[in-house]
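The block underneath contains the structure these notes are about, expressed in structure tokens.
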Amino acid sequence: MSMLDKFSSWKEFLANRVKQAKDSGMDEETLKNIAHEIGDYLAENVEASNEETKLLQQLWTVADESEQQAIANVMVKYVQN
């Protein structure tokens with residue numbers, strides 16, 4: 001089972017990676033830019049395997065660049081809380 005199969009696993013994985021990035025000194029702007037790049041990659045290359053990721057993928061696909069950045073920023077904030 002892939003960590004992308006279950007949304008809670010994906011959320012936990014992302015939260016751990018965000019914490020590691022911050023602990024290693026990555027600044028907030030760089031973190032947000034990387035989150036956007038990951039969003040692009042996932043939307044274009046990974047089959048959504050649950051309702052949550054399908055919704056995120058659909059939102060990402062219809063969003064413009066600034067909206068995608070907002071989605072990425074919200075996901076980072078979401079997993080930090």
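The values are calculated or read from the model by the stated rules, or taken from the named source; none is laboratory data. In this text the structure is predicted, and so the values were computed from the model without any measurement. Cβ placement follows ideal geometry from the backbone for every residue including glycine, while neighbour counts extend to all protein chains displayed.
Would you be able to say whether some residue in segment 63-79 is surrounded by 12 or more Cβ atoms within 10 Å (Cβ to Cβ), closer than 13 Å to TRP10 by Cβ and at pLDDT below 90? Among the residues of segment 63-79, not one is surrounded by 12 or more Cβ atoms within 10 Å (Cβ to Cβ), closer than 13 Å to TRP10 by Cβ and at pLDDT below 90, which makes the answer no.
Answer with yes or no whether GLU65 is charged (D, E, K, R) and without any contact (Cβ under 8 Å) to a residue 40 or more places away in the chain. Please lay out each step first, then the result.
Working: charged (D, E, K, R): yes; without any contact (Cβ under 8 Å) to a residue 40 or more places away in the chain: yes.
So GLU65 fits the description; yes.
Within segment 27-59, the set of residues being part of a helix (DSSP H, G or I), of a type in the set (Asp, Glu) and within 18 Å of ASN73 (Cα to Cα) comprises GLU28, GLU29, GLU37, ASP40, GLU52. Among the residues of segment 4-15, is any of a type in the set (Gly, Ala, Ser), assigned to a loop (DSSP other than H, G, I, E, B) and surrounded by fewer than 12 Cβ atoms within 10 Å (Cβ to Cβ)? For segment 4-15, residues of a type in the set (Gly, Ala, Ser), assigned to a loop (DSSP other than H, G, I, E, B) and surrounded by fewer than 12 Cβ atoms within 10 Å (Cβ to Cβ): absent. Going through (1) assigned to a helix (DSSP H, G or I); (2) modelled with pLDDT under 90; (3) surrounded by 14 or more Cβ atoms within 10 Å (Cβ to Cβ) one by one, ALA21 falls short only on (2). Taken together, the criteria exclude ALA72 from residues that are in contact with a helix residue (DSSP H, G or I) (Cβ under 7 Å, 6 or more places away or on another chain), outside any helix (DSSP H, G or I) and not basic (Lys, Arg).
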